[in-house]
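Notes follow the structure.
The values are calculated or read from the model by the stated rules, or taken from the named source; none is laboratory data. Computed from a prediction, not measured in an experiment: that's the story for all the values here. Here the Cβ is made from the backbone with ideal geometry for all residues, glycine too, and neighbour counts use every protein chain on show.
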Amino acid sequence: MLMLVGAPLLAETLYYRYPSTNGTVVIDSSVPPDAVPRGYDVIRIDGSVVKTVPPRLSEAELKARALELEVAAARAEADAKTRKWDESLLLRYSSVQDIEVAKVRALNDIKVRISILKSNLSTIKQQILKNQSEAAELERRGQDVPEALMETLASLRREVTTTEQHINSRTLELDSVANNYERDKARFAHLQEQVEKRMQYYAPHNK
């Protein structure tokens, strides 16, 4: 039986090309440790590049790079939010007037809630006046004011504070909701304008 044994492959000789401290290019069989931060190329004997190791970034360059990545990530996030906003607008509305109708409906709903809160506040305050009158009458007669009545007054005053806070919150919400709908209207109008421009651009090409 005959066996064919291939000749052993010769290992490829590689060299390293790197810049020296004075700016000249050095080609050697190894890279000195102090030259590694400046970066180097691994090359063949014919000069073709096998691998490139980039220079190590300085502290300032690392910070600048991190800032670039942070800005790019923030921009990408903002773009994604804008796309989601645009898709939502186009799905929910067919015209700016639709948004105005939705705005009026939303604001009226908040106003109704404020009206209910104000009515509740008026009722609570009337109850406080009634209880205060009872307490004053007892004191005029030289009688002690029952602890239950005092606790009721304290509870009613807490309700007044809470209800007033809710009214203030709803009042601020009116402005916030109105502003959001105005932003939606402006954005939707912009999207419509872009669509019309594209239609005008492509119209002559379709004739």
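Quick look at the numbers
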read-out	value
Given (1) surrounded by 12 or more Cβ atoms within 10 Å (Cβ to Cβ); (2) within 36 Å of the chain's Cα centre (by Cα); (3) in the same structural domain as residue 111 (by TED's automatic domain parsing), number of the condition residue 192 does not satisfy	(3)
Given (1) part of a helix (DSSP H, G or I); (2) touching a residue at least 12 places away in the same chain (Cβ under 8 Å), index of the condition residue 126 fails	(2)
Any pair with Cβ under 7 angstrom, 6 or more apart, that starts in region 80-100 at a residue that is over 13 Å from residue 190 (Cα atoms) and ends at one that is part of a helix (DSSP H, G or I)	93/99; 93/188; 99/181; 99/184; 99/185; 99/188; 100/185
Single residue of 94, 119 found to be closer than 30 Å to residue 167 by Cβ and out of contact with any helix residue (DSSP H, G or I) (no Cβ under 9 Å at 6 or more places or on another chain)	119
Subset tally (residues that are of a type in the set (Gly, Ala, Ser), surrounded by 10 or more Cβ atoms within 10 Å (Cβ to Cβ) and assigned to a loop (DSSP other than H, G, I, E, B)) for region 31-80	3
Residues being among the polar types (S, T, N, Q) and surrounded by 14 or more Cβ atoms within 10 Å (Cβ to Cβ) - total across region 95-120	1
Test: residue in region 130-139 that is under 29 Å from residue 157 (Cβ atoms) and of a type in the set (Ser, Thr, Tyr)	yes
